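**Student:** Structure in structure tokens, see below.
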Amino acid sequence: MSGGRARIAASILDADLSNLAYAVRRLEAAGADRIHLDVMDAHFVPNLTFGAKTISHIRKRTELPLDAHLMISEPGRYLDQYLDAGCDSITFHVEVEEAIAPILRRIRAAGRAAGLALRPVTAPDALRPYEELLDIVMVMTVEPGFGGQVFMRDVAKEKLLAARDLLSHKAYGGEVHVDGGVNRETAEFVGALGVDILVVGSALFTKGRDMGREVRLIKALADEGYQYGLNNGVPPIPRDRMVTFTSLPKPIARRFTDEIEAGGIPVVMLRGDGQINPDGVRDYDLLVPATVEALVVERHGDARASYLREAAEWREAFIRERGVIAPPSHP
Ligand code: DX5
Ligand code: ZN
């Protein structure tokens, strides 16, 4: 994981399909954050690529998250194969004829991120009935089916911010993906429209260009776009930055962690190096993503004050009843 806000999901569609293991290793070494897998059935789109079997082999070759982009007519019929292949997220098209909500529920029930993709012609409102079931909205900025096509600026302009709105129910972790024609010329434009994940294919496999430099350049340009297009010139908070929200004795920290996580915000609970409690154990720090710190304070600021009071009372009661237990030699 690297600093900054923008993430790159590298598409292997334009890689040497006879040597995918090598392509995936190169992409990982180049700093790609995840692998984007374009599955095409020559029915939903006029092209045929690879399926779950190939993906299950790629799964053994990398720790990077695998995003399946299913451009197939029957995603529900074949879903289990992609779950079994080890995809971390599964996005299919809202334009299919199968019932959509049950498929999204099955993806989530399997503990994966569920997404819907939109062809350029499809309006974002087509996703409205499913918004509560979505973790990912994938905006196609080319007609699905091939890599190396020209980026559709108007489509991006019309849809990327609307896509964010469709994920507003998620306090944390909702992702807007832009797919098609993303490269060093278009990265700043999509960054300024708040995109989270840039799917990049042919631009990474351009002869004579260093793949690692291309990844860094595209991310930097997207973050620049976000900084000046949406964030009043303020650099974006790096996605992987965590901040300490509070520190509490373990049993109380546990309860508060569950409370915050119930609202969809991940918490990392770590034994801190701060206060040693009368039971000989140090306080635990509750870390939350810096990108949602303001929301955590808004939602849980009052609770934090009362948990801190409860902790003080617990310490006093412990000392009254059991005195102070010396911490173990390695507190
Ligand atoms: C097209 C695919 C895209 C494609 C992106 O149908 O969904 O993921 O591989 O490739 P580029 O970046 O070359 O447009
Ligand atoms: Zn794709």
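**Student:** Expected output is a single nm value to one decimal: the length gained when fully extending between residue 158 and residue 321, i.e. 0.36 nm times separation in residues minus the C-alpha distance. What is it?
**Tutor:** Contour length minus Cα-Cα distance gives 52.2 nm.
**Student:** For the pair residue 271 and residue 74, what calculated FRET efficiency results from E = 1/(1 + (r/R0)^6), where r is the Cβ-Cβ distance and R0 = 41 Å, to the nearest 0.05?
**Tutor:** Efficiency at R0 = 41 Å is approximately 0.25.
**Student:** If you roll a 1.4 angstrom probe over the protein chains with everything in place, what fraction of the accessible area of the chain belongs to carbon and sulfur, to the nearest %?
**Tutor:** 51 percent
**Student:** Additional query: Go through segment 149-186 and name the GluC sites (Glu not before Pro) that are in a DSSP coil and have 14 or fewer other Cβ atoms within 10 Å of their Cβ.
**Tutor:** Passing both the DSSP loop test and the Cβ count: 185.
**Student:** Using only Cα atoms and rounding to the nearest 10 degrees, what angle (0 to 90) does helix 20-29 make with the longest principal axis of the chain?
**Tutor:** So the helix axis and the longest Cα principal axis differ by about 50 degrees.
**Student:** For residue 117, enumerate residues with amide H under 5 Å from its amide H, sequence gap 5+ or separate chain, H modeled in the peptide plane.
**Tutor:** Correct list: 92, 93, 94, 138.
**Student:** Just for the chain, what percent of DSSP beta bridges are antiparallel, to the closest 5?
**Tutor:** 25 percent
**Student:** Would you kindly derive the ³J(HN,Hα) couplings of segment 86-92 from the backbone phi angles with the Karplus curve 6.51 cos²θ - 1.76 cosθ + 1.60 (θ = phi - 60°), listing them in order in whole Hz, with x for Gly and Pro?
**Tutor:** x, 5, 8, 9, 10, 10, 10
**Student:** Also, I was wondering about something else. Is segment 283-331 best put as rounded, prolate or oblate by its Cα gyration tensor, with a ≥ b ≥ c the root eigenvalues, rounded for a/c under 1.5, and otherwise prolate when a/b is larger than b/c, oblate when not?
**Tutor:** oblate
**Student:** Taking the Cα centre as origin and putting +1 on Lys and Arg beta-carbons and -1 on Asp and Glu beta-carbons, what dipole magnitude results for segment 193-269, to the nearest 20 debye?
**Tutor:** 240 debye
**Student:** For segment 315-327, take each phi angle, set θ = phi - 60°, evaluate the Karplus expression 6.51 cos²θ - 1.76 cosθ + 1.60, and give the result in whole Hz per residue in order, putting x for glycine and proline.
**Tutor:** Those phi angles translate into 5, 4, 5, 4, 5, 4, 7, 10, x, 10, 8, 5, x Hz.
**Student:** Report the full-extension gain for the segment residue 250 to residue 88: residue separation times 0.36 nm, less the Cα-Cα distance, to one decimal in nm.
**Tutor:** 55.2 nm
**Student:** Another question, if that's okay. Rounding to the nearest 10 and keeping the result within 0 to 90°, find how far the Cα-based axis of helix 75-84 lies from the longest principal axis of the chain.
**Tutor:** Between the helix axis and the principal axis of the chain, the angle is about 50 degrees.
**Student:** With +1 on the Cβ of every Lys and Arg and -1 on the Cβ of every Asp and Glu, and nothing else charged, how large is the dipole of the chain about its Cα centre, in debye rounded to the nearest 20?
**Tutor:** 760 debye
**Student:** Next question. How large is ³J(HN,Hα), in whole Hz, for each residue of segment 120-134 in order, when computed from phi with the Karplus curve 6.51 cos²θ - 1.76 cosθ + 1.60 and θ = phi - 60°, using x for Gly and Pro?
**Tutor:** With coefficients 6.51, -1.76 and 1.60, one gets x, 7, 8, 6, x, 4, 4, 8, 3, x, 10, 4, 5, 9, 9 Hz.
**Student:** Now a separate question. In percent, what relative contact order does segment 85-186 have, based on Cα pairs under 8 Å that are 6 or more apart in sequence?
**Tutor:** 26 percent.
**Student:** Relative contact order (percent) for the chain, with alpha-carbon contacts under 8 angstrom and 6 or more residues of separation? Don't jump to the answer; show the numbers that get you there.
**Tutor:** On the way: 655 pairs, mean separation 48.5, N = 331.
Reported as a whole number, the value is 15 percent.
**Student:** How large is the translational diffusion coefficient of the chain in µm² per second when you combine the Kirkwood radius over alpha carbon pairs with Stokes-Einstein at 37 °C and 0.692 mPa s? Don't jump to the answer; show the numbers that get you there.
**Tutor:** On the way: Rh = 21.6 Å.
Answer from the Stokes-Einstein relation: 152 µm²/s.
**Student:** Quick one: among 178, 199, 121, which has the greatest mean-square fluctuation in a GNM of the chain with alpha-carbon springs under 10 angstrom?
**Tutor:** In this elastic network of the chain, the residue with the biggest mean-square fluctuation among 178, 199, 121 is 121.
**Student:** Still on this model: In the full protein assembly as shown, how much of residue 140 is accessible to a 1.4 Å probe, in Å² to the nearest 10?
**Tutor:** Residue 140 has an accessible surface of roughly 10 Å² with all protein chains in place.
**Student:** Follow-up. Can you tell me the orientation of helix 211-229 relative to the chain, as the angle in degrees between its alpha-carbon axis and the longest Cα principal axis, to the nearest 10?
**Tutor:** 70 degrees
**Student:** I've got another one for you. Suppose we keep just the DSSP beta bridges with both residues in segment 3-96; what percent of those would be antiparallel, to 5?
**Tutor:** Around 5 percent antiparallel, to the nearest 5.
**Student:** Provide the net charge surrounding residue 274, with neighbours chosen by a C-beta distance below 10 Å and charges set as Lys +1, Arg +1, Asp -1, Glu -1.
**Tutor:** Spelling it out: positives minus negatives among the neighbours equals -1.
**Student:** For the chain, what is the calculated [θ] at 222 nm in deg cm²/dmol (nearest 500), taking -39500 (n - 2.57) for each run of four or more DSSP H residues and dividing by its residue count? If you can, show how the numbers build up before the last one.
**Tutor:** Numbers: 9 runs with 118 residues, N = 331.
Calculated at 222 nm, the ellipticity per residue is -11500 deg cm²/dmol.
**Student:** So, by mean Cβ neighbours within 10 angstrom, what's the order for 83-95, 220-232 with the highest one leading?
**Tutor:** The packing order, highest mean first, is 83-95, 220-232.
**Student:** Using the per-residue mean of other Cβ atoms lying within 10 Å as a proxy for protection, in what order, highest first, do the peptides 261-274, 57-70 fall?
**Tutor:** The peptides rank, most packed first, as 57-70, 261-274.
**Student:** Here is a further query. Near the amide H of residue 33, under 5 Å away, which other amide H atoms are found, from residues 5 or more places off or on another chain, if H is placed in the peptide plane?
**Tutor:** Amide H neighbours of residue 33: 8, 10.
**Student:** Between residue 105 and residue 171, what is the label-to-label distance in nm when each label sits 7 Å out along the Cα-to-Cβ direction?
**Tutor:** Inter-label distance under the simple model: 2.5 nm.
**Student:** Counting Lys +1, Arg +1, Asp -1, Glu -1, what net charge surrounds residue 78 among other residues with beta carbon under 12 Å of its beta carbon?
**Tutor:** Within the 12 Å Cβ shell, the charges total -2.
The values are calculated or read from the model by the stated rules, or taken from the named source; none is laboratory data. Every value quoted in this text rests on a predicted model; they were computed, and no experiment measured them. For neighbour counting, all protein chains shown are included, and Cβ atoms are generated from backbone atoms with ideal geometry for every residue, glycine included. Note: areas computed on protein heavy atoms with side chains; ligands, DNA, RNA excluded. Shrake-Rupley method; radii C 1.70, N 1.55, O 1.52, S 1.80 Å.
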